[in-house]
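The values are calculated or read from the model by the stated rules, or taken from the named source; none is laboratory data. Keep in mind that this is a model prediction, so the values were computed, not measured. Here the Cβ positions follow ideal geometry from the backbone for every residue, glycine too, while neighbour counts run over all protein chains shown. To get the accessible areas, we keep the full protein, side chains included, count just its heavy atoms, and leave off ligands, DNA and RNA. Shrake-Rupley method; radii C 1.70, N 1.55, O 1.52, S 1.80 Å.
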Amino acid sequence: MHEFQIKVGRIEAVAPNTAGDRVCVTFEIERGPLRFQVPILLKLKEFDDTEMVQVARNELHRIFVELSAQTVKWTLTAEDLGKLSGMSLRPRS
């Protein structure tokens, strides 16, 4: 299995609102045909330009840790996968 390629795609200011000025750091994640983007919103006044990408990377990691924890119950064993494969109603070619 190949590693994911993760890079910063964009850094852009977001229109101010009641939460204050914000910046959006968008990560582009790719592995083979799988490609998606994850925008990370940060409060502009909390971090300077040199810290922004580091803080956004940390937030991206935190998001995926939480996502992993929420989906851990979805994990299938090799035996589970074998049973599901054997139950398939699709015609075999």
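Only one of the numbered conditions (1) of a type outside the set (V, I, T); (2) modelled with pLDDT of 95 or more; (3) loosely packed, with under 12 Cβ neighbours inside 10 Å is violated by D49, and that is (2). Within region 1-10, the set of residues being modelled with pLDDT of 85 or more and open to solvent by 90 Å² or more (accessible area, probe 1.4 Å) comprises E3, Q5, I6, K7, R10.
Residue-level check: of (1) open to solvent by less than 60 Å² (accessible area, probe 1.4 Å); (2) at pLDDT 95 or above, D80 misses just (2).
Here T26 fulfils each of the conditions (1) open to solvent by 70 Å² or more (accessible area, probe 1.4 Å); (2) in a strand (DSSP E or B) apart from (1).
Among the residues of region 1-60, the one identified as among the hydroxyl-bearing types (S, T, Y) and in contact with a Lys or Arg (Cβ under 7 Å, 6 or more places away or on another chain) is T26. The residues of region 11-23 that are assigned to a strand (DSSP E or B) and open to solvent by less than 80 Å² (accessible area, probe 1.4 Å), listed by number, are E12, V14, A15, N17, G20, R22, V23. Just one of the listed residues (F64, F36) is part of a strand (DSSP E or B), without any contact (Cβ under 8 Å) to a residue 12 or more places away in the chain, exposed (fewer than 14 other Cβ atoms within 10 Å of the Cβ) and not acidic (D, E), namely F36.
The set of residues in region 11-31 that are under 24 Å from F64 (Cβ atoms), modelled with pLDDT under 95 and of a type outside the set (A, V, I, L, M) comprises E12, R22, C24. Checking L34, L76 one by one, the residue that is under 25 Å from R10 (Cα atoms) and of a type outside the set (D, E, K, R) is L34 and no other.
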